[in-house]
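Peer 1: Starting off with a structure, shown below.
The values are calculated or read from the model by the stated rules, or taken from the named source; none is laboratory data. From a predicted model like this one, the values you see are computed outputs, not experimental measurements. Positions of Cβ are backbone-derived with ideal geometry, glycine not excepted, and every protein chain shown enters the neighbour counts.
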Amino acid sequence: MKSFPPTNTIELASLDWDADGQPLSSVFGDVYFSKANGLEETRHVFLKHNQLPERWAALAETSHFAIAETGFGSGLNFLAAWQLWLQTAPESAQLHFVTVEKFPLNKSDLTRALALWPELKYLADQLIETYPVFVGTGFHRLNFMNGRIKLTLIIDDAAQGFSKLLASTHPLYMRNGAKVDAWFLDGFAPSKNPQMWSDDLFSCIRNLSKPETTAATFSAAAIVKNGLKHACFAIQKVAGFGRKREMVKAQFTAEPEPLNPDDYCYRGSFSPYPVPWAIDGNKTQYSEKRALIIGGGLAGCHSARALAERGWHVKILERHSALAQEGSGNPQGVLYAKLSPLDEAQAAFNLASLQYALNFYRPLWGSANKNKIGDQCGTLQLAYKHSEADLHELLKAKFAHTDQLVEFVSAEMASQLAGISLAQSGLFFPQAGWIDPRKLCAYLVDHPNIQVEYDFQVSQLSCIENNWLVKSDKDGSQTAPVVIIASAKDAISFEQANHLPIKSIRGQVTFIPESSTRATLKTVVCAEGYISPAQEGVFCTGATFNLKDTETATRISDHQTNLGNLHEHLPAFEVDARAEDLEGRVAFRCSLPDYLPCVGGLPLVDRLVEDFAPLRKNARAGITTSGSYWRGLYINIGHGARGLAYTPLCAELLAAQINDEHIPMPRELANALNPARFVIRDLTRNKR
Ligand SMILES: Cc1cc2nc3c(=O)[nH]c(=O)nc-3n(C[C@H](O)[C@H](O)[C@H](O)COP(=O)(O)OP(=O)(O)OC[C@H]3O[C@@H](n4cnc5c(N)ncnc54)[C@H](O)[C@@H]3O)c2cc1C
Ligand SMILES: C[S@@+](CC[C@H](N)C(=O)[O-])C[C@H]1O[C@@H](n2cnc3c(N)ncnc32)[C@H](O)[C@@H]1O
């Protein structure tokens with residue numbers, strides 16, 4: 001068995017606690033905040049000297065403001081900013097707090113440290129509840145108060161982490177991602193932690209700053225002052241907090257001189273810079289926040305909600321007379337994602353989307369909740385064949401100490417959890433379970449900014465003067481500056497998306513009445529297929545998997561396949577019914593060849609092919625042209641068999657792209673989902 005030692009492992013913080021119960025880093029020998037009064041220090045250094053009370057009171061409705069911080073630590077700065085935001089900013093505006101932490105606190109240390117601030121308890125409790133499990137480096141996007149507060153916790157070295165926020169590492173396009181409004185330069189004192197205050201960090205600070213950006217830091221050390229000057233900030237020394245004589249506040253002063261593209265061409269040779277195909281050279285902000293979404297399944301409804309919470313007015317156009325009638329129409333779907341010992345895009349996306357989805361659904365499936373969407377009964381993935389058992393072994397190194405997310409359980413333990421005798425060991429996801437996607441969609445669109453127009457089959461899309469005209473097959477039409485195609489496999493019917501290599505995969509689930517079995521189930525069990533605990537007297541099991549099969553009616557042979565899988569992997573689940581007598585449901589999954597979803601702006605294919613033609617001969621040609629994309633036309637499809645896990649994060653990504661915010665994942669991962677990737681891949685393989 002090949003082993004994959006985790007490559008992006010991280011170290012958690014190692015703390016000592018002083019006599020007053022304050023945390024200290026035992027590695028750096030420094031405090032997390034002022035011993036005198038950490039909260040007042042935060043207010044003085046970071047809030048006051050970035051002029052946040054005045055700036056936030058002057059913000060426009062539905063606008064957003066981004067803070068970037070070095071060193072999340074105990075989250076005190078974040079909570080203090082959150083509290084001030086609630087007191088000063090318009091209710092419809094959003095705070096984006098992006099922070100990079102190399103040595104995160106574990107949850108119990110975080111809880112202990114935050115207990116020092118009773119006045120922040122109502123916010124701290126929300127942070128603690130959603131505080132993630134860390135599996136190596138990566139991005140964690142957490143939403144609070146219906147997205148009014150967004151935390152992007154990047155686990156990485158500060159310079160590394162911020163470099164993943166840049167739109168590109170190509171010098172010509174690095175500054176395209178400049179969205180930080182205020183910097184909180186925290187981190188242990190430069191004398192104790194000089195590695196963090198590196199030239200690379202200050203380069204990132206420069207490239208992520210824009211004319212109005214300010215910065216504040218507790219330190220007035222030369223390395224900090226010089227670094228900020230180098231990053232084009234005008235610095236000012238002011239009185240520090242408590243007994244600290246000085247601190248530094250700063251203002252970004254200069255847009256660096258535009259660079260000359262000719263200097264980066266590397267004609268005919270191997271360019272050291274990435275090809276900037278993923279950069280949308282014409283991207284503009286939308287003055288009118290109005291969007292149409294084609295398709296009312298999980299992808300369309302999640303996209304609508306993510307935009308609506310940002311103040312957008314959204315209309316879903318759905319061809320059926322109800323939501324969730326196609327891929328998202330099963331009564332029970334399992335929340336799961338396949339874990340991998342690798343660190344490549346598929347593995348990183350699966351993990352990030354699962355963690356985001358678990359947080360997203362957390363408040364929705366409590367039994368007391370009127371919006372109850374399913375049951376958080378836990379999901380078991382059995383090691384039902386040798387390759388699966390080998391995979392589980394390989395996962396053990398990467399997912400050690402992550403029980404809150406996934407536990408490795410013996411067959412005996414699995415049997416206890418599921419309430420049925422099982423012969424295999426497995427992975428148990430205690431926070432997962434099953435969801436009724438139809439109820440979920442109904443919940444998602446229940447927002448004052450979302451309308452749904454039913455029986456509207458979109459037949460044509462055309463762009464007229466920066467507005468999209470969306471025509472129905474019955475002479476109806478709608479217009480909006482932004483359109484999102486969320487029509488799964490049928491996206492291919494639009495000429496703007498017909499280049500996508502979409503695959504449609506038929507699937508059939510089988511419904512087993514509770515009366516035809518003596519078995520009960522306490523958790524979802526996945527093996528070759530899956531089965532969920534009974535809902536309203538019926539078990540739902542499936543699903544078959546057939547490419548190039550367009551039959552919409554259920555087939556007895558497919559019920560037999562589902563029952564056969566059940567019999568093989570869960571023999572204790574005996575069913576006393578004939579396949580001929582069972583009911584079920586057929587639907588179609590939408591998938592792309594690399595099994596990643598397709599999310600983002602749709603490219604202008606002919607222009608892309610023309611501009612990037614040199615890739616046919618050299619995949620790292622020195623091209624300096626950015627990509628060309630339709631203005632205002634986006635897509636969110638390709639969720640395969642994992643729509644419940646994938647759609648929340650994809651909707652968040654798309655909404656962030658449309659609303660011109662920091663995205664919730666590293667640039668490279670967003671590029672791996674970019675709809676233009678297939679054209680670029682074809683060019684590099686000389687297939688276009
Ligand atoms: C049998 C089966 C079992 C599955 N089990 C699971 C599971 O257990 N867990 C899980 O996470 N995932 C599961 N999936 C996958 C999951 O259901 C999908 O990933 C998810 O439903 C995709 O959502 P979507 O919104 O992209 O597509 P859909 O739900 O298919 O939504 C597309 C919508 O667009 C509408 N539409 C299309 N064209 C037009 C047009 N021209 N005009 C207007 N409207 C249009 C359609 O009517 C439809 O409502 C399963 C899928 C199948 C088929
Ligand atoms: C003074 S504490 C920050 C306090 C924090 N802002 C708060 O509100 O609690 C400094 C933090 O910087 C983190 N840190 C140290 N070196 C780092 C690096 N190279 N990259 C990112 N974070 C780093 C430490 O782990 C620590 O959490």
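Peer 1: Quick one: how many residues across the range 245-270 are modelled with pLDDT of 75 or more, surrounded by 11 or more Cβ atoms within 10 Å (Cβ to Cβ) and acidic (Asp, Glu)? Spell out how you get there, then give the answer.
Peer 2: As a first pass, look at the range 245-270 and keep what is modelled with pLDDT of 75 or more: 245-254, 257-266, 270.
Of the ones still in play, those that are also surrounded by 11 or more Cβ atoms within 10 Å (Cβ to Cβ) are 246-254, 259, 261, 264-266.
Restricting the remaining residues to those that are acidic (Asp, Glu) gives 246.
Qualifying residue count, the range 245-270: 1.
Peer 1: Something else now. Does residue 325 fit the bill of being of a type in the set (S, T, N, Q), within 16 Å of ligand 1 (Cβ to nearest atom) and at pLDDT 95 or above?
Peer 2: Values: of a type in the set (S, T, N, Q): yes; within 16 Å of ligand 1 (Cβ to nearest atom): yes; at pLDDT 95 or above: yes.
Yes: the conditions hold for residue 325.
Peer 1: Could I ask something else about it? Does the range 213-227 contain at least one residue that is over 33 Å from the mean Cα position of the chain (by Cα) and in a strand (DSSP E or B)?
Peer 2: If we filter the range 213-227 for residues that are over 33 Å from the mean Cα position of the chain (by Cα), which is where we start, we get 219-223, 225-226.
From what is left, the residues that are in a strand (DSSP E or B) are none.
No: zero hits.
Peer 1: Follow-up question, since we're still on this one. Please indicate, with yes or no, whether at least one residue in the range 341-352 is closer than 21 Å to residue 522 by Cβ and in a loop (DSSP other than H, G, I, E, B). Steps first, answer last, please.
Peer 2: Within the range 341-352, the subset closer than 21 Å to residue 522 by Cβ is none.
No - not one qualifying residue is present in the range 341-352.
Peer 1: Anything in the range 235-251 that is more than 35 Å from the chain's Cα centre (by Cα) and part of a strand (DSSP E or B)? List them, or say none. First the steps, then the outcome.
Peer 2: Let us first name the residues in the range 235-251 that are more than 35 Å from the chain's Cα centre (by Cα), namely 235-247.
235, 236, 237, 238, 239, 246, 247 - these are the residues of the range 235-251 that are more than 35 Å from the chain's Cα centre (by Cα) and part of a strand (DSSP E or B).
Peer 1: Quick check on my filter: what residues within the range 9-47 are more than 24 Å from residue 81 (Cβ to Cβ) and crowded, with 17+ Cβ neighbours inside 10 Å?
Peer 2: 10
Peer 1: Given the conditions (1) of a type outside the set (A, V, I, L, M, F, W, C); (2) out of contact with any Ser or Thr (no Cβ under 8 Å at 6 or more places or on another chain); (3) closer than 20 Å to residue 595 by Cβ, and given that residue 336 satisfies all but one, which numbered condition is not satisfied?
Peer 2: Condition (2) is where residue 336 drops out.
Peer 1: Then there's this: State all residues of the range 109-119 that are part of a helix (DSSP H, G or I) and either among the β-branched types (Val, Ile, Thr) or surrounded by fewer than 20 Cβ atoms within 10 Å (Cβ to Cβ) (or both); if no residue qualifies, say none. So that I can check it myself, show each step before the final result.
Peer 2: Taking the range 109-119 first, the residues part of a helix (DSSP H, G or I) are 109-114, 118-119.
Selection gives 109, 111, 112, 118, 119.
Peer 1: Considering every residue within the range 531-544, establish whether at least one is among the hydroxyl-bearing types (Ser, Thr, Tyr), more than 16 Å from ligand 2 (Cβ to nearest atom), assigned to a strand (DSSP E or B) and within 22 Å of residue 641 (Cα to Cα). Spell out how you get there, then give the answer.
Peer 2: Quick first cut of the range 531-544, residues among the hydroxyl-bearing types (Ser, Thr, Tyr) only: 532, 541, 544.
Adding the requirement that they be more than 16 Å from ligand 2 (Cβ to nearest atom) leaves 532, 541, 544.
The next check asks that each one be assigned to a strand (DSSP E or B); those that pass are 541.
Narrowing the set further to residues that are within 22 Å of residue 641 (Cα to Cα) leaves 541.
Yes, that holds for at least one residue.
Peer 1: Filter the range 219-232 down to residues that are crowded, with 22+ Cβ neighbours inside 10 Å and in contact with a helix residue (DSSP H, G or I) (Cβ under 8 Å, 6 or more places away or on another chain) and give me whichever is nearest to residue 196 (Cα to Cα). Steps first, answer last, please.
Peer 2: The first filter runs over the range 219-232 and keeps only residues crowded, with 22+ Cβ neighbours inside 10 Å, leaving 219, 224, 227-228, 231.
Still in the list and also in contact with a helix residue (DSSP H, G or I) (Cβ under 8 Å, 6 or more places away or on another chain): 227-228, 231.
On the way: 227: 12, 228: 14, 231: 15 Å.
Among residues in the range 219-232 that are crowded, with 22+ Cβ neighbours inside 10 Å and in contact with a helix residue (DSSP H, G or I) (Cβ under 8 Å, 6 or more places away or on another chain), the one nearest to residue 196 (Cα to Cα) is 227.
Peer 1: Checking residue 8 against (1) of a type outside the set (A, V, I, L, M, F, W, C); (2) outside the structural domain of residue 120 (by TED's automatic domain parsing); (3) free of Cβ contacts under 8 Å to residues at least 40 places away in the same chain, which test does it fail?
Peer 2: The one condition residue 8 does not meet is (3).
Peer 1: Return the residues of the range 628-641 that are surrounded by 23 or more Cβ atoms within 10 Å (Cβ to Cβ), at negative phi and not polar (S, T, N, Q); say none if nothing qualifies.
Peer 2: Those that are surrounded by 23 or more Cβ atoms within 10 Å (Cβ to Cβ), at negative phi and not polar (S, T, N, Q): 629, 634, 635, 637, 639.
Peer 1: Does residue 610 satisfy the criteria of being in contact with a helix residue (DSSP H, G or I) (Cβ under 8 Å, 6 or more places away or on another chain), outside any loop (DSSP other than H, G, I, E, B) and among the charged types (D, E, K, R)?
Peer 2: Working: in contact with a helix residue (DSSP H, G or I) (Cβ under 8 Å, 6 or more places away or on another chain): no; outside any loop (DSSP other than H, G, I, E, B): yes; among the charged types (D, E, K, R): yes.
Answer is no for this residue.
Peer 1: Of the residues 188, 139, 184, which is within 16 Å of ligand 2 (Cβ to nearest atom), over 22 Å from residue 254 (Cβ atoms), of a type in the set (Phe, Trp, Tyr) and assigned to a strand (DSSP E or B)?
Peer 2: Numbers: 188 fails: assigned to a strand (DSSP E or B); 184 fails: over 22 Å from residue 254 (Cβ atoms).
The unique qualifying residue is 139.
Peer 1: From the list 337, 324, exactly one residue is in contact (Cβ under 8 Å) with a residue 60 or more places away in the chain, within 30 Å of residue 391 (Cβ to Cβ), touching a helix residue (DSSP H, G or I) at 6+ places or on another chain (Cβ under 7 Å) and small (Gly, Ala, Ser). Which is it?
Peer 2: Values: 324 fails: within 30 Å of residue 391 (Cβ to Cβ).
Only one candidate passes the filter, namely 337.
Peer 1: Mind checking which strands (runs of 3 or more DSSP E) fall wholly inside the range 1-100 and carry at least 2 residues that are out of contact with any Phe, Trp or Tyr (no Cβ under 7 Å at 6 or more places or on another chain) and within 15 Å of ligand 2 (Cβ to nearest atom)? Give the steps one after another, and end with the answer.
Peer 2: Working: elements: 15-17, 23-25, 64-70.
Correct list: 15-17.
Peer 1: Which residues, taken from the range 500-526, are part of a loop (DSSP other than H, G, I, E, B), over 26 Å from residue 485 (Cα atoms), of a type in the set (A, V, I, L, M, F, W, C) and within 15 Å of ligand 1 (Cβ to nearest atom)?
Peer 2: Answer for the range 500-526, where residues must be part of a loop (DSSP other than H, G, I, E, B), over 26 Å from residue 485 (Cα atoms), of a type in the set (A, V, I, L, M, F, W, C) and within 15 Å of ligand 1 (Cβ to nearest atom): just 521.
Peer 1: Starting from the range 475-489, take each residue that is at pLDDT below 95 and list its partners that are in a loop (DSSP other than H, G, I, E, B) and not aliphatic (A, V, I, L, M), counting only C-beta distances under 9 angstrom and pairs at least six apart or across chains.
Peer 2: Short answer, once both residue conditions are applied: 476/456.
Peer 1: Right, another one. Take the conditions more than 23 Å from the chain's Cα centre (by Cα) and either of a type outside the set (Phe, Trp, Tyr) or surrounded by fewer than 18 Cβ atoms within 10 Å (Cβ to Cβ) (or both) and apply them to residue 418. Does it pass? Walk me through it before giving the result.
Peer 2: Working: more than 23 Å from the chain's Cα centre (by Cα): yes; either of a type outside the set (Phe, Trp, Tyr) or surrounded by fewer than 18 Cβ atoms within 10 Å (Cβ to Cβ) (or both): yes.
Here the answer is yes, as residue 418 does meet what is asked.
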